[in-house]
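Below you'll find the structure, written out as structure tokens, and then a few comments.
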Amino acid sequence: MTHPIRAMIAGTGSYAPPRRMSNTELESLVETSDQWIRERTGIHERRIADDSISCADMAAAAARSAMELACCAPEDVDVIVDATITADYLLPSNGCLVQEKLGLFNAVAFDVVAACTGFVAGLAIARGFIESGMYRKVVVIGSERLSSLTNWSDRTTCVLFGDAAGAVVLEPSENGSGILSTFMKSDGRMSEWLQIKVGGTKHPHKREFAWDGSDKIAMRGTDVFKVAVKEMGNACLKVIEQAGVKPEEVSWVVPHQANMRIIEALTKRLGIAPDKVVINVDRYGNTSSASVPLALDEANRAGRIQPGDLVLMTAFGGGLIWGAALVRW
Ligand code: ACO
């Protein structure tokens with residue numbers, strides 16, 4: 001039986017900085033409690049990068065471990081897609097920094113800015129490159145140093161975020177495995193719901209800057225929450241339908257790790273059993289575009305995901321933007 005060329009995940013990798021920040025530690029920064037954070041978000045701790053670890057460093061570490069698992073030589077990489085909203089610099093891209101760090105000199109590298117949906121967007125881009133025959137080996141990374149953009153005096157956001165990176169190596173498969181379907185959608189009418197106002201070219205940092213937190217992440221959390229549950233659910237149902245499978249055939253859901261209550265509401269709507277859901281929000285918090293590949297790598301290395309499994313990934317984030325991908329492992 002012949003199969004169409006698909007983009008299969010040949011290896012996964014991740015990196016999280018060693019420093020753990022507990023909920024109790026946050027109690028000394030803002031008026032909050034370990035109990036509130038656990039009950040409302042499911043987060044117990046998050047990782048925070050120290051000054052010596054940049055976003056591109058984490059991206060390179062995750063990509064290196066994915067390449068090792070995929071037995072992918074540096075000279076074989078054709079494309080590096082780094083999804084991030086916390087790149088080391090506005091220019092050049094984080095992707096080019098990863099290229100330099102890992103010596104991937106036959107590749108083209110660039111970044112994707114799609115907030116927490118960035119990794120899923122990267123998968124969709126890689127799928128197009130590979131299925132069209134344009135490129136063969138694509139490294140897709142999600143890397144974030146959100147602690148740099150967190151307002152540590154805003155209790156409604158600072159308890160949520162953490163730093164990490166995750167990555168996959170994609171290559172062509174002809175045995176039916178690989179990405180079966182992808183879906184993405186955004187709605188810029190809600191762009192102000194999750195925003196960093198100051199620091200771009202429209203409102204640059206000024207020399208005399210009265211700090212009011214506007215150069216850090218601000219969010220209308222409850223509004224984002226509702227859209228997240230609805231639209232991630234819709235995106236998942238779309239990719240399931242496009243692939244011609246049924247929700248009960250899904251082996252694993254790897255959702256964006258933003259909030260345990262969002263994950264529970266999502267999987268309840270899809271009718272997928274809780275024991276099929278990969279969770280690590282308790283240990284890492286919301287790491288934006290790193291969240292899905294970090295959870296995927298943990299599940300893969302723990303041997304939970306097996307060849308032939310159907311793996312459903314989904315994410316949403318600032319834009320607002322959301323998406324899903326369904327993969328035959
Ligand atoms: N500690 C204690 N109390 C708090 C805290 C805190 N850390 N944060 C908020 N509260 C209080 C509020 O002030 C409010 O008090 P009030 O009733 O006296 O006004 C009360 O708790 C309830 O606040 P809500 O905001 O209604 O709480 P909610 O249940 O909605 O949870 C949360 C807030 C966790 C932010 C939730 O809305 C959420 O997870 N939203 C989605 C976040 C997200 O995932 N964003 C997208 C991705 S991020 C990206 O793209 C970079």
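Observations, loosely collected:
- Annotation: amide H of residue 10 within the under-5 Å range of 169, 170, 171, sequence separation 5 or more or interchain, hydrogens built in the peptide plane.
- Here residue 201 and residue 3 are evaluated by their C-beta separation; at R0 = 45 Å the FRET efficiency comes out at 0.45.
- Between the helical axis of 221-242 and the longest alpha-carbon principal axis of the chain there is an angle of about 0 degrees.
- Within the accessible area of segment 6-176 (1.4 Å probe), percent carbon and sulfur: 50
- Order by protection proxy (mean Cβ within 10 Å, highest first), peptides 301-307, 37-43, 127-133: 37-43, 127-133, 301-307
- The heavy atoms of residue 155 present about 130 square angstrom of accessible area, all protein chains included, probe 1.4 Å.
- Only Lys, Arg (+1) and Asp, Glu (-1) charged, at Cβ; segment 268-329 dipole about Cα centre in debye: 140
- Environment charge at residue 234 (Cβ cut-off 14 Å; Lys +1, Arg +1, Asp -1, Glu -1): +2
- Comparing 193, 307, 221 along the charge dipole axis of segment 187-329, the residue lying farthest to the positive side is 193, per the Cβ-charge model.
- For the chain, the relative contact order works out to 26 percent when only alpha carbon pairs closer than 8 Å and six or more residues apart are counted.
- Segment 261-329: C-alpha gyration tensor shape, a/c 1.5 cut-off, then a/b vs b/c: rounded
- The shape of the chain can be summarised by an equivalent ellipsoid whose semi-axes, obtained from the alpha carbon gyration tensor, come to 30, 23, 18 Å from longest to shortest.
- For the residues 214, 173, 14, a GNM of the chain with alpha-carbon springs under 10 Å puts the largest fluctuation on 214.
- Tail fraction, Cα-Cα pairs, segment 180-328, threshold 25 Å, whole percent: 33
- The phi torsions of segment 268-283, fed into the Karplus equation with coefficients 6.51, -1.76 and 1.60 and a -60° offset, translate into couplings of 5, 4, 7, x, 9, 5, x, 6, 9, 9, 7, 10, 9, 4, 4, 9 Hz, rounded to whole numbers, with Gly and Pro shown as x.
- The residues packed around residue 182, meaning those with a beta-carbon under 12 Å from its beta-carbon, carry a net charge of +3 if Lys and Arg are +1 and Asp and Glu are -1.
- Gaussian network model of the chain, springs between alpha carbon atoms under 10 Å - residue of 193, 252, 211 with greatest fluctuation: 211
- Computed about the Cα centre, the dipole magnitude for the chain is approximately 680 debye when only Lys and Arg (+1) and Asp and Glu (-1) carry charge, each at its Cβ.
- Sequence-ordered 3J(HN,Hα) estimates for segment 112-119 from the Karplus curve with 6.51, -1.76 and 1.60 and θ = phi - 60° stand at 10, 10, 9, 6, 5, 8, x, 5 Hz, glycine and proline given as x.
- For segment 180-328, carbon and sulfur atoms together expose 52% of the accessible surface, with a 1.4 angstrom probe and every protein chain in place.
- Segment 173-221 shape via C-alpha gyration tensor axes, a/c threshold 1.5: prolate
- Residue of 198, 169, 120 that the Gaussian network model of the chain assigns the largest fluctuation, springs spanning Cα pairs under 10 Å: 198
- Phi angles of segment 192-197 translate, via the Karplus equation with coefficients 6.51, -1.76, 1.60 and θ = phi - 60°, into HN-Hα couplings of 7, 6, 8, 8, 10, 6 Hz per residue; Gly and Pro are given as x.
- Net charge dipole size for segment 194-266 [Lys, Arg +1 and Asp, Glu -1 on Cβ; Debye, nearest 20]: 380
- Ligands, DNA and RNA are left out, and with a 1.4 angstrom probe the accessible area of the chain is 43 Å² per residue.
- Shape box of segment 1-115 [Cα atoms, principal axes, largest first, Å]: 55, 42, 25
- Neighbourhood net charge (15 Å Cβ-Cβ; Lys/Arg +1, Asp/Glu -1) for residue 153: -4
The values are calculated or read from the model by the stated rules, or taken from the named source; none is laboratory data. Here the structure is a predicted model, which is why all the values come from computation and not from measurement. A quick note on method: Cβ atoms are made from the backbone with ideal geometry, for glycine too, and the neighbour counts reach across all protein chains shown. We work out accessible area using only protein heavy atoms, side chains counted, and drop any ligands, DNA or RNA first. Shrake-Rupley method; radii C 1.70, N 1.55, O 1.52, S 1.80 Å.
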